[in-house]
Amino acid sequence: QQQVRQSPQSLTVWEGETAILNCSYEDSTFDYFPWYHQFPGESPALLIAIRPVSNKKEDGRFTIFFNKREKKFSLHIADSQPGDSATYFCAANNNNAPRFGAGTKLSVKP
Amino acid sequence: GPKVLQIPSHQIIDMGQMVTLNCDPVSNHLYFYWYKQILGQQMEFLVNFYNGKVMEKSKLFKDQFSVERPDGSYFTLKIQPTALEDSAVYFCASSPGTGGQDTQYFGPGTRLLVL
């Protein structure tokens with residue numbers, strides 16, 4: 001049973017464009033939604049996270065938009081840079097261990 | 001920032017053998033996790049551990065798997081016996097408190113190849 005769905009599986013954007021990565025979840029007890037990025041051969045690292053009391057969280061070029069009613073949240077990467085190329089995982093937590101989406105492989109072309 | 005260490009970085013073993021993966025979590029963290037990632041795929045939750053006990057485990061945490069952290073030393077994942085489908089990267093993670101809203105810190109992973 002996949003508790004967190006992520007799309008697209010892969011995404012290519014040009015440098016300077018906004019990349020949009022999407023996730024949805026089913027379990028309404030989830031109350032914390034982090035995004036991680038993972039560079040090839042490295043471990044995942046926390047990028048940004050949101051709690052459902054907010055519908056938007058910004059950190060520099062990275063913004064999470066959260067829709068509690070539809071159980072969806074997305075990561076927007078503004079002014080994408082080639083160095084942003086990585087795999088991005090969304091996750092959802094409740095009091096148990098976080099569950100991860102399948103990942104989006106982002107490629108930013110110069 | 002806080003670092004989680006994993007030993008070894010790579011392990012190649014024959015099917016049926018036992019393997020122990022070691023994790024040195026962040027020193028003041030209380031919750032520990034193992035995840036399995038097959039190349040290019042998502043990270044699958046295996047188990048989390050707190051106060052000497054398994055708190056939660058997934059269907060992937062087969063009977064051949066076990067975890068322990070004897071006397072505050074390494075947090076270990078043991079697979080006995082190993083199977084071909086156990087080949088994957090195993091990530092250890094730790095967090096200060098309950099997984100609810102605490103950041104998880106991941107180790108660099110152990111790449112396990114079962115022949």
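Could you tell me whether the stretch B:39-51 includes any residue that is open to solvent by 70 Å² or more (accessible area, probe 1.4 Å) and under 14 Å from the mean Cα position of the chain (by Cα)?
Residues of the stretch B:39-51 open to solvent by 70 Å² or more (accessible area, probe 1.4 Å): B:39-41, B:44, B:50-51.
Next, only the ones that are under 14 Å from the mean Cα position of the chain (by Cα) stay: B:44, B:50.
The answer is yes; a qualifying residue exists.
Can you tell me which residue among B:33, B:74, B:105 is of a type in the set (Phe, Trp, Tyr) and under 10 Å from the mean Cα position of the chain (by Cα)?
Values: B:74 fails: under 10 Å from the mean Cα position of the chain (by Cα); B:105 fails: under 10 Å from the mean Cα position of the chain (by Cα).
That would be B:33, the only listed residue that is of a type in the set (Phe, Trp, Tyr) and under 10 Å from the mean Cα position of the chain (by Cα).
Just name the residue that is nearest to residue A:45 (Cα to Cα) out of those in the stretch A:85-110 that are more than 9 Å from chain B (Cβ to nearest Cβ) and surrounded by fewer than 20 Cβ atoms within 10 Å (Cβ to Cβ). Outline the logic, then answer.
Quick first cut of the stretch A:85-110, residues more than 9 Å from chain B (Cβ to nearest Cβ) only: A:85-86, A:88, A:90, A:92, A:104, A:106-110.
Filter once more, keeping what is surrounded by fewer than 20 Cβ atoms within 10 Å (Cβ to Cβ): A:85, A:107, A:109-110.
Details: A:85: 14, A:107: 18, A:109: 22, A:110: 24 Å.
Step by step, filter the stretch A:85-110, then rank; the result is A:85.
Given the structure, is residue A:80 in contact with a strand residue (DSSP E or B) (Cβ under 9 Å, 6 or more places away or on another chain), among the polar types (S, T, N, Q) and not in a strand (DSSP E or B)? Steps first, please.
Working: in contact with a strand residue (DSSP E or B) (Cβ under 9 Å, 6 or more places away or on another chain): yes; among the polar types (S, T, N, Q): yes; not in a strand (DSSP E or B): yes.
Considered against the rule, which asks whether it is in contact with a strand residue (DSSP E or B) (Cβ under 9 Å, 6 or more places away or on another chain), among the polar types (S, T, N, Q) and not in a strand (DSSP E or B), residue A:80 comes out as yes.
Within the stretch A:34-47, how many residues are more than 10 Å from every other protein chain (Cβ to nearest Cβ) and surrounded by 15 or more Cβ atoms within 10 Å (Cβ to Cβ)?
3
Quick one: which strands (runs of 3 or more DSSP E) lie wholly within the stretch B:1-106 and hold at least 1 residues that are in contact with an Asp or Glu (Cβ under 8 Å, 6 or more places away or on another chain) and closer than 30 Å to residue A:28 by Cα?
Values: elements: B:5-7, B:10-13, B:19-24, B:31-37, B:43-50, B:53-57, B:65-68, B:75-79, B:88-95.
In the stretch B:1-106, the matching strands (runs of 3 or more DSSP E) lie at B:31-37, B:43-50, B:88-95.
The values are calculated or read from the model by the stated rules, or taken from the named source; none is laboratory data. Remember, it's a predicted structure, so these values are computed and weren't measured experimentally. Ideal geometry is used to build each Cβ from the backbone, glycine not excepted, and the neighbour counts take in all protein chains shown. The protein model used for the area step is the full one, side chains on, heavy atoms only, and it has no ligands, DNA or RNA in it. Shrake-Rupley method; radii C 1.70, N 1.55, O 1.52, S 1.80 Å.
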